[in-house]
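To keep things clear, I will list the structure first and then write my remarks on it.
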Amino acid sequence: MKKLIILILLSISTLSVSCEKKKTEDKKTDKAAIKKDSVIPPNEASKKTFTLLGDAKVKWTGYKTTDKLPVSGTFKTVKLENIHAGANAMEALDGIAFSIPVDTIFSDLEERDTKLKKIFFGAMADTAEIKGSLVTKTGKESFVNLTMNGVTSKLPVTLKVDGDAVALTAKIDLKTWKGEGAVAAIHKACEILHTGKDGVPKTWDEVLVEVTGKLSVK
């Protein structure tokens, strides 16, 4: 009888251990399943791409008199080439090429526009278009390889991207593009208009350029 009782107790103990072991294994399996399910594979479709839209606007500002009074205008036409998608804004902008027909210059004053077309740009070589390409993949520096008056030179630019808005600014020193002759020609034609209160006529060889555009972000 005593042996029978001992045997029953051993059986109960073995069954209890077996159940506890199964419960532990089930918990491990559940945890593994949860961990596996919590890892979400990357979704390629969720990655954004950036592309410059083809409607960039160019504003220019020249200066006259010793007080450096600004004279501003735009170009009605800006042709963009090599538009492509990029993983970020800078990649999308890198390599963008442009050409600007100089006869689309507009300052809201027909007499001034005619002088700029015929006298200022007329004194330059290969003056039908201003051309260039944007370079952004050089660390923190961005620049334009600008071609004007038959000269191609590097123009440092400040480039800012805010959401889908792009803003580029640059100061052009016309001497770099051998523009002294063009500056002298427009100065002579506009000498009276470029004379300030001090009686000294001056036409500056500096031009501020501001370009704005939009990115398509998908």
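Details
- Neighbours by Cβ (under 6 Å, 6+ apart or cross-chain): first from region 98-115, more than 10 Å from Lys76 (Cβ to Cβ); second of a type in the set (Asp, Glu) and part of a strand (DSSP E or B): Ser99/Glu129
- Filter result for Thr147 (in contact with a Phe, Trp or Tyr (Cβ under 7 Å, 6 or more places away or on another chain) and either under 19 Å from Asp103 (Cβ atoms) or of a type in the set (S, T, N, Q) (or both)): no
- Number of residues in region 191-218 that are free of Cβ contacts under 8 Å to residues at least 12 places away in the same chain and among the acidic types (Asp, Glu) equals 1.
- Selected residue [farther than 22 Å from His194 by Cβ, surrounded by 16 or more Cβ atoms within 10 Å (Cβ to Cβ) and small (Gly, Ala, Ser)] from Ala85, Ala97, Ala89: Ala89
- Considering (1) modelled with pLDDT of 95 or more; (2) surrounded by 16 or more Cβ atoms within 10 Å (Cβ to Cβ), the lone condition that Ser72 does not fulfil carries the number (2).
- Verdict on Lys188 being over 19 Å from Val71 (Cα atoms) and free of Cβ contacts under 8 Å to residues at least 24 places away in the same chain: no
- Number of the condition not met by Ile34 [criteria: (1) at pLDDT below 95; (2) surrounded by 10 or more Cβ atoms within 10 Å (Cβ to Cβ); (3) not in a loop (DSSP other than H, G, I, E, B)]: (2)
The values are calculated or read from the model by the stated rules, or taken from the named source; none is laboratory data. Model, not experiment: these values are computed from the prediction. Every residue, glycine among them, receives a Cβ derived from its backbone with ideal geometry; neighbour counts consider all protein chains shown.
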